[in-house]
Amino acid sequence: MVFAPSDHASDAGLTAHKILIAGGFGAGKTTLVSAISEVRPLLTEEPLSTASVGRDSLAGLPDKKTTTVALDFGRITISESLVLYLFGVPGQERFWFMWDELAYGALGAVVLGDVRRLDDCFPSVNYFETRELPFIVAVNCFDDAPRYDLAEIRLALDLDDDVPLVLCDARDQSSVKETLIRLVESIAAGGTSAAQGRSLSIGR
Amino acid sequence: MPPPGRWVRRDSGPVVRPYAVTGGRTEPVDGEVLDIIAVVVAMPGGDSDDDDPQRRTPEHRRILALCQRQATVADIAAGTSLPLGVVRVLLSDLILSGAVTVIRQRPAGLRPGNDVLQEILNGLRAL
């Protein structure tokens with residue numbers, strides 16, 4: 001495939017960046033994405049892997065070889081030439097294969113947590129730590145959830161000191177905005193990106 | 001299961017299998033996979049399919065219409081309600097026939113410069 005030279009349109013062209021929103025099932029990813037951006041469903045048609053055997057009911061569908069996965073997809077227009085995309089990444093283990101693609105070239109990630117099920121965050125935290133992708137953990141303050149202070153939560157998550165940890169209300173636009181600002185600030189400060197992109201350095 | 005005759009609705013999704021619109025192809029012709037936020041745009045005159053050896057499908061045309069302004073692959077998938085993999089195959093047809101060009105395959109740079117990060121911060125704060 002022949003691509004136009006990348007600097008051909010760099011002055012006037014559209015630049016897109018993406019931030020991933022991760023976390024366990026029911027952590028509030030969809031709520032967060034819709035609080036700050038216009039959300040449109042993005043369908044992906046993925047091959048059914050052995051991992052989905054026993055999870056997706058295939059009764060009566062012997063020929064079904066793919067399954068449709070809807071990603072939460074939000075678009076924030078920063079300027080005429082700069083757009084920020086939020087991708088809610090499905091948390092279930094059988095969707096891990098999608099993460100590499102989504103994480104490729106991402107600015108960073110927000111791991112959304114629920115204090116009642118903090119261990120749901122572990123796979124996401126491990127993933128971003130391993131890939132050295134900058135991330136922050138945002139604890140979604142559900143109305144009926146017990147309150148803990150951040151130090152306790154940090155301890156429970158065994159989170160490095162340089163990973164920002166914030167409380168947020170995924171329903172509230174300004175709270176979500178502050179969370180994203182905190183992430184981008186930490187990327188700018190380089191705090192969580194000592195070797196960002198080492199595993200993402202293929203391509204151009 | 002809804003009663004017969006009532007299930008074909010807007011929210012019931014496409015009635016044809018997703019890869020039927022690509023003629024069963026699940027990968028782009030040249031194997032090059034477009035990034036989810038790769039930026040593409042229609043070439044001037046690219047909407048005339050006179051010199052296109054392959055017949056353009058309605059889905060090709062819908063995609064082409066969305067490429068009249070610079071758009072990302074994700075924008076086009078959401079805009080057409082077609083699955084991402086299908087959009088990639090059809091876009092690669094359009095790219096190979098010269099109707100569409102890729103402006104930016106990947107986000108520029110691994111970590112954007114501080115000026116870009118600052119622009120994002122300013123944009124977020126202004127929301």
*Given H placed on each backbone N at 1.01 Å, which residues far from residue A:23 in sequence or on other chains put an amide H within less than 5 Å of it?*
A:112
*Using amide H atoms built 1.01 Å from N in the peptide plane, name the residues 5+ places from residue B:104, or on other chains, whose amide H lies under 5 Å from its own.*
B:39
*Taking amide H positions as placed 1.01 Å from N in the peptide plane, with prolines and chain starts having none, which residues 5 or more places from residue A:78, or on another chain, fall under 5 Å of its amide H?*
A:83, A:84
*Mind listing which trypsin sites (Lys or Arg not before Pro) in the range B:60-90 are in a DSSP loop and have 12 or fewer other Cβ atoms within 10 Å?*
B:69
*Label residue B:43 and residue B:127 with points 7 Å out from Cα along Cα→Cβ: what is the distance between them in nm?*
3.8
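No value in this document is a laboratory result; all are computed from the given coordinates. Every value quoted in this text rests on a predicted model; they were computed, and no experiment measured them. Neighbour counts are summed over all protein chains in view; Cβ atoms, including those assigned to glycine, are modelled from backbone coordinates with ideal geometry.
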